[in-house]
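Read through the structure below, which is laid out as C-alpha cells, and then see the notes.
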Ligand SMILES: Cc1cc2nc3c(=O)[nH]c(=O)nc-3n(C[C@H](O)[C@H](O)[C@H](O)COP(=O)(O)OP(=O)(O)OC[C@H]3O[C@@H](n4cnc5c(N)ncnc54)[C@H](O)[C@@H]3O)c2cc1C
C-alpha cells in the first residue's frame, strides 16, 4: 500500500497476478461489492443482520477514558488475550513517522491494546501484511473498518488457513476515511503543521475527547470533536466511502459505535461525558464473547432499544438512504459502481423523501461532471 495524493492509501501492483489471484480479488474486494445474508438473524433495513444490541463501557476507568467511546473494543480485546482466545491482536495506532497517519500494530498484551485505543480518522490498511500474519501460525483478533472486516470475512470463506488465523473479527461504525490532507487541515486550524508536531490524537481520552496536537516544543493545542471531525475532517472523505452501503460493519462478529445521547430534537449531543459504546453482536460467537467479557468483569452493559439507533447515528442513517441515488447517478455516467447484495438499498432509500434522493442523485452527477477537488 502506498500513499497517493491527497493522502489516501492505494494498492500498488508489485508483481504479475495469476488468474487465481485475480479471481480472489474479484470475489473479496469490498470496493467491488459486498454480499450480506441474514442467516436467521434479525435483519434491519438500516443496520443489517445482528443477534443483539446493547450499550456499555469498559469497567477499567483507564480503558474507558482512553477509548474512543466507552473503550469496549479495547476491553474485549484485552479479555480475548487474557482468556487465551487469541495470541495477539491486529490493530491500528499512530504512525511513528507521520503524526497524523496510521500504522498497523500487533498487540500481544493489555498495555499494547490500551496504547492503540481511540479512533484515528486517517487512512489505515490493517490487512496489508495478511500473508505474513497467516504464515506465523498464530490466532489473531482483528480490528478494522467495516470494509477491512468485509474483505477479511470473505477471504476466510475461501481460505481455511486465513479463517484459522482470524477467529474473531471486530469493527466499528465508519462514516468514511479522510485523507492526510484532512489531518493537515486540522493542524493548520490549530495554528501549527506537521514539522512542529510530535504526536497527534484524533479523539479519545474522554468522550468524545478532543483532537490534540503535542508539539515538539512541549506545548499542546487542541480542538473539540465537533470542530475537528464535524467541521474539517468530513470535508476530506474519499469518494468511495460516500457510496459505501456498509458503514456499520455487517461482516464482523462484534461492532462498536458511539452511543451518543440525543437532545430533545433527536440530534446527538457531543458534550464531554463518561464514554459509552453501542455494542452490536453480529454473530452468535460475538454475542458469546460479549457475555464472557462482561462475566469476567471487563465491561458493563445496559439494555438498548434498537429503535433509538437512527436518532443516535443520524449520519449513518442518512448515508444508508442516499447510497442508491448516488449509485444511480454513477451508473448513468457509466462510472464503476460496487455491487451490493442483501443490503436493502431500495428499502433504505424509501426511508428518505423523494427530494432528498433527487438532490443526492443530482449532487453526484454534478460532482463527477464538475469535480472541485
Ligand atoms: C474513520 C472512522 C470513522 C468512524 N465513524 C463512526 C461513525 O460514523 N459513527 C460511530 O458511532 N463511530 C464511528 N467511528 C468509531 C468510533 O469512533 C469508535 O471507534 C467506536 O465507537 C468504538 O469505540 P471504543 O471506545 O469501543 O473503541 P476503542 O476501545 O477506542 O478501540 C478502537 C479500536 O479501533 C482501532 N482503530 C482506530 N482507528 C482505526 C482506523 N483508522 N482503522 C482501523 N482501526 C482503527 C484501534 O486500533 C482500536 O483497536 C469511526 C471510527 C473511524 C476510525
### Query
With springs only between Cα atoms under 10 Å, which of 13, 91, 308 fluctuates most in a Gaussian network model of the chain?
13
### Message
Test of understanding: extend the Cα→C-beta vector of residue 108 to 7 Å, then name every residue of region 68-99 with backbone N under 12 Å from that spot.
### Response
87-89
### Query
For region 46-144, rounded, prolate or oblate, judged on the Cα gyration tensor with a ≥ b ≥ c (square roots of eigenvalues), a/c < 1.5 rounded, else prolate if a/b > b/c?
rounded
### Query
Taking R0 as 22 Å, what's the FRET efficiency between residue 82 and residue 214 from their Cβ-Cβ distance, rounded to 0.05?
0.10
### Message
Given axes a ≥ b ≥ c from the Cα gyration tensor, I'd like to know whether the chain is rounded (a/c under 1.5), prolate (a/b larger than b/c) or oblate.
### Response
rounded
### Summary
Here the FRET efficiency for residue 62 versus residue 131, based on Cβ atoms and R0 = 30 Å and rounded to 0.05, is 0.30
### Message
Below 8 Å, C-alpha to C-alpha, sequence gap of six or more: please give me the relative contact order for the chain in percent.
### Response
22 percent
#### Entry: By average C-beta atoms within 10 angstrom, highest first, the peptides 363-370, 331-338, 81-88
81-88, 363-370, 331-338
### Query
Separation between the residue 273 and residue 296 pseudo-spin-labels, each 7 Å from Cα along Cα→Cβ, expressed in nm?
2.9 nm
### Summary
Largest fluctuation, 141, 58, 310 only, Gaussian network model of the chain with Cα springs under 10 angstrom, belongs to 310
### Task
Report the extension gain between residue 234 and residue 353 in nm, rounded to one decimal, defined as 0.36 nm multiplied by the number of residues separating them, less their alpha carbon distance.
40.5 nm
### Query
Residues of region 97-118 with amide nitrogen under 17 Å from the 7 Å Cα-to-Cβ point of residue 195?
98-100
## Note on the structure
Expressed in nanometres to one decimal, the distance between label points 7 Å along Cα→Cβ at residue 139 and residue 45 is 4.0 nm
### Query
Going by how many other beta carbons lie within 10 Å of each one, how would you line up 34, 52, fewest first?
52, 34
### Task
Could you let me know the centre-to-centre spacing of region 78-105 and region 224-241, using Cα atoms, in angstrom?
24 Å
## Note on the structure
GNM of the chain, Cα pairs under 10 angstrom: of 232, 100, 25, the biggest fluctuation goes to 25
#### Entry: Which of 277, 222, 179 has the fewest Cβ neighbours within 10 Å, and the rest in rising order
222, 179, 277
### Summary
Under the rule rounded for a/c under 1.5, else prolate if a/b exceeds b/c, else oblate, using alpha carbon gyration tensor axes a ≥ b ≥ c, region 198-345 is classed as oblate
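Here, each number is a calculation from the coordinates, and none is a lab measurement. Remember, it's a predicted structure, so these values are computed and weren't measured experimentally. A quick note on method: Cβ atoms are made from the backbone with ideal geometry, for glycine too, and the neighbour counts reach across all protein chains shown.
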